[in-house]
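J.: Dropping a structure here in structure tokens format, bear with me for questions.
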Amino acid sequence: MAVTRTFSIIKPDATRRNLTGAVTKMLEEAGLRVVASKRIQMTEDQAKKFYEVHAERPFYGELVDFMTSGPVVVQVLEGEDAVKRNRDVMGATNPADADEGTIRKAFAESIEANSVHGSDSDENAATEIAFFFNDDEIVG
Ligand code: CDP
Ligand code: MG
């Protein structure tokens, strides 16, 4: 299995509750290494562009409002099969469906305020990493 990278966001519901460390600990315990990390306030333009794929979905407007409602921590994670490894530790989008031991089961407040984002493919991971990080900000 190859060592790859994925992109993660610790969402505003988690930063607000001071869970940055707790979430990161679960990522690290799942075998992922944080090779880039910064705390930012996403602009409305950034959030709209980042979630453009969901522009036609009914939750898009509220999602953009939520993602700009407070600071987020954007991260690049590295590990064996990083995209799947991260999706597995994140748990299901809706915390009501999330398995025990996952970040969303432990921390998510709702289907919207679900504590973490994770890329869903290697291709999207590359795009999402480049959206927030320059190459010289990533130190593996
Ligand atoms: O984040 P994930 O890839 O698991 O789910 P998604 O289907 O790509 O949706 C992106 C984000 O939109 C979710 O993480 C939720 O924050 C939000 N969402 C929502 O507010 N209501 C839904 N019915 C579905 C997703
Ligand atoms: Mg998604």
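The values are calculated or read from the model by the stated rules, or taken from the named source; none is laboratory data. What you are looking at is a predicted structure, and each value in this text was computed from that prediction instead of being measured. Neighbour counts run over all protein chains shown; Cβ positions are idealised from the backbone, glycine included. Areas reflect the complete protein model, heavy atoms only, side chains present, ligands, DNA and RNA absent. Shrake-Rupley method; radii C 1.70, N 1.55, O 1.52, S 1.80 Å.
J.: Computed on alpha carbon atoms, what radius of gyration and Dmax characterise the chain, expressed in Å?
T.: In order Rg, Dmax, the Cα atoms of the chain give 13.9, 39 Å.
J.: Among all the aspartates and glutamates, which ones have a C-alpha under 18 Å from Lys25's C-alpha, if same-chain residues fewer than 8 places away are not counted?
T.: Asp13, Glu78, Glu80, Asp88, Asp99, Glu100
J.: Next up: Check which residues have an amide H placed less than 5 Å from Ser37's amide H, if you skip close sequence neighbours.
T.: Amide H neighbours of Ser37: Val76.
J.: Quick one: what are the phi-derived ³J(HN,Hα) couplings along the stretch 103-114, Karplus 6.51/-1.76/1.60 with θ = phi - 60°, whole Hz, x for glycine and proline?
T.: Those phi angles translate into 5, 5, 4, 6, 10, 5, 8, 6, 4, 7, 7, 10 Hz.
J.: State the percentage of accessible surface on the stretch 23-76 attributable to carbon and sulfur atoms; use a 1.4 Å probe and exclude ligands, DNA and RNA. Can you show the working numbers first?
T.: Working: 1460 of 3020 Å².
Taking all protein chains in place, the stretch 23-76 shows 49 percent carbon and sulfur surface.
J.: Another question about this same structure. Return the lysines within reach of Lys49: Cα separation strictly under 26 angstrom, same-chain partners fewer than 8 residues apart disregarded; answer none if there are no such residues.
T.: Of all the lysines, those that pass the test against Lys49 - Cα under 26 Å, at least 8 places apart if same chain - are Lys11, Lys38, Lys84.
J.: Around Ser115, with a cut-off of 12 angstrom between Cβ atoms, what is the net charge of the other residues, counting Lys and Arg +1 and Asp and Glu -1? Write out the running numbers ahead of the final one.
T.: Numbers: positive: Lys11, Arg16, Arg17, Arg104, Lys105; negative: Asp13, Glu109, Glu112.
Neighbour charge sum, excluding Ser115 itself: +2.
J.: Using modelled backbone amide H atoms (1.01 Å from N, in-plane), which distant-in-sequence or interchain residues come within less than 5 Å of Val116's amide H?
T.: Answer set, sorted by chain and number: Lys11.
J.: If amide hydrogens are placed 1.01 Å from N in the peptide plane, which non-local residues have theirs closer than 5 Å to the one on Ala98?
T.: Ala92
J.: Measuring with a 1.4 Å probe in the full set of protein chains, what accessible area per residue, in whole Å², belongs to the stretch 1-106?
T.: 52
J.: Taking a quarter of the surface of the convex hull around the Cα atoms of the stretch 1-79, what do you get in nm²? Mind showing how you got there, number by number?
T.: Numbers: hull surface 23.6 nm².
The directionally averaged projection comes out at 5.9 nm².
J.: First select every other residue whose beta carbon is under 15 angstrom from the beta carbon of Ala36; then total the charges, Lys and Arg +1, Asp and Glu -1.
T.: -2
J.: Between Ala55 and Ala106, take the C-beta separation as r, use R0 = 30 Å, and let me know the FRET efficiency to the nearest 0.05.
T.: Rounded to the nearest 0.05, the efficiency is 0.50.
J.: To continue, here is another question. If R₀ is 25 angstrom, what is the calculated FRET efficiency for the pair Asp99 and Val139, using the beta carbon separation as r and rounding to 0.05?
T.: Given R0 = 25 Å and the Cβ-Cβ separation, E is 0.20.
J.: Label Asp88 and Arg16 with points 7 Å out from Cα along Cα→Cβ: what is the distance between them in nm?
T.: 3.2
J.: Hey, another quick one. Give a residue-ordered list of calculated ³J(HN,Hα) values for the stretch 69-83 (Karplus: 6.51 cos²θ - 1.76 cosθ + 1.60, θ = phi - 60°; whole Hz; x for Gly, Pro).
T.: Karplus-based 3J(HN,Hα) across the stretch 69-83 equals 7, x, x, 10, 10, 8, 9, 9, 10, 10, x, 5, 6, 4, 4 Hz.
J.: Given 0.36 nm per residue, what is the gain on full extension from Phe131 to Arg33 after removing their alpha carbon distance, in nm?
T.: Between Phe131 and Arg33, full extension yields an extra 33.3 nm.
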